[in-house]
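Participant: For reference, the structure I am asking about is given below.
Only the coordinates and a few stated rules stand behind these numbers; no lab work does. All figures in this text were calculated on a predicted structure; none of them were measured in a lab. Methodologically, a virtual Cβ is constructed for each residue, glycine included, from the backbone with ideal geometry; neighbour enumeration extends over all protein chains shown.
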Amino acid sequence: GNQAEPALEFFSRAVELDPQQPEFSHWQGVAFWASGNPELERQSYHRSIEGDSGYLPSLVYLGHNYLESGNYTEALYHYQRALQQDPRISEALYNSALAYQKLNNVSREKQMFRQYLNSFRTGKWAYRAVEHLHQRGDYSFRSYRLGRRSVILNMEVLLDSDSPKYENEVTRLAQSVREMHGHELHMVFFNDREKTAARAAALDLRRQLNKRLGPEYTSLIRISWFDATETIVLDDDINKQLSPSLLIFTKPIDLDNRRNST
């Protein structure tokens, strides 16, 4: 209730009464954080995991505390301890990537952002994770505006029908297509080394979408392919060339000039 000092008084009393209860020490630490005392906050979390070495909330919050204090190595240590127990803790995944970024470990930074996006695709942190990857020249995940909504897709998976994650990624795209009322979907495949591969990937993805969506969507899914690279213009007017690549966009349906599907 935004009353850190009274809360701290009660949590500290709880710790005195039962110092072996990790939850009490943890919330005491949270109250110290809200009171602007990071050192005592950290001590409370350590006391919590002394009583229960696997207490996840305190492991994660210790990571937060060390990250905010600039001790990125210790932050990573505690985040990794938490992720060993639960590999899908969103804050630990995302903040681990930030810690690696601060340590200039680009490969691990990208790995953690990609691991985050494998599990979390919605919300502002997901879109920021995509931006971080793009800043590092990694376009394995991209966000697209499909109708009135945006969706984050794994491009590497959609371009590889042999991937064990292919079915799930197509299903994700199909759900977004189902929600793009009044629009037609365009998918443009690029492969500067093998045009036939681009064509095969385009046909396969459209076939998979049609299987999930039904015949009423057939005319709304349009594909094309080119033996060229996709050019992305970055903020500093430098061109980024991608191949193989997949560009996805939508257009409002022109009811007066409906075309047959390619």
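Participant: How big is the charge dipole of the chain about its Cα centre, in debye rounded to the nearest 20, if each Lys and Arg gets +1 on its Cβ and each Asp and Glu gets -1 on its Cβ? Write out the running numbers ahead of the final one.
Facilitator: Numbers: 32 positive and 34 negative charges, 263 e Å.
The calculated dipole for the chain is roughly 1260 debye.
Participant: Treating cross-link reach as a plain straight distance, find the aspartates and glutamates whose alpha-carbon is under 19 Å from the alpha-carbon of residue 240, omitting any fewer than eight places away in the same chain.
Facilitator: 131, 138, 156, 192, 227, 230
Participant: Mind giving me the FRET efficiency for residue 160 and residue 88? R0 is 25 Å, r the Cβ-Cβ distance, nearest 0.05 is fine. Please report the intermediate quantities before stating the final value.
Facilitator: Numbers: r = 23 Å, r/R0 = 0.94.
For residue 160 and residue 88, the calculated efficiency is 0.60.
Participant: How long, wide and thick is region 112-262, going by the Cα atoms along their three principal axes, in whole angstroms, largest first?
Facilitator: Principal-axis extents of region 112-262 (Cα, largest first): 42, 35, 33 Å.
Participant: Continuing with this model, one more query. Determine the dipole magnitude for region 44-148: charges of +1 sit on the beta-carbon of Lys and Arg, -1 on that of Asp and Glu, nothing else is charged, the reference point is the Cα centre, and the result goes in debye to the nearest 20. Let's see the in-between values first.
Facilitator: Numbers: 14 positive and 9 negative charges, 136 e Å.
About 660 debye.
Participant: Here's another thing I want to ask about it. So what are the three principal axis dimensions of region 50-181 from its Cα atoms, in whole Å, longest to shortest?
Facilitator: 53, 30, 30
Participant: Give me the compactness ratio for the chain, meaning the Cα radius of gyration over 2.2 N^0.38 Å.
Facilitator: Details: Rg = 24.0 Å, N = 262, 2.2 N^0.38 = 18.3 Å.
Rg over 2.2 N^0.38 Å, computed on Cα atoms: 1.31.
Participant: Taking only Cα atoms and a 10 Å spring cutoff, compute GNM fluctuations for the chain and point out the largest among 17, 159, 117.
Facilitator: In the Gaussian network model the winner is 17.
Participant: Can you give the FRET efficiency for residue 200 and residue 77, using 1/(1 + (r/R0)^6), R0 = 41 Å, r = Cβ-Cβ distance, to the nearest 0.05? Don't jump to the answer; show the numbers that get you there.
Facilitator: Values: r = 46 Å, r/R0 = 1.12.
For residue 200 and residue 77, the calculated efficiency is 0.35.
Participant: Among bridges DSSP assigns within the chain, what percent are antiparallel (round to 5)?
Facilitator: In the chain, DSSP labels about 75 percent of beta bridges as antiparallel.
Participant: So, one more: Would you check region 83-216 for Lys pairs whose C-alpha atoms are within less than 20 Å, ignoring same-chain pairs closer than 8 in sequence, and give me the count? Kindly include the intermediate steps, with their values, before the conclusion.
Facilitator: Working: 102/110; 110/124; 110/165; 165/211.
Count of close lysine pairs: 4.
Participant: I need the GluC sites (Glu not before Pro) found in region 103-209, filtered to DSSP loop residues with at most 14 other beta carbons within 10 Å of theirs.
Facilitator: Passing sites in region 103-209 are 179, 194.
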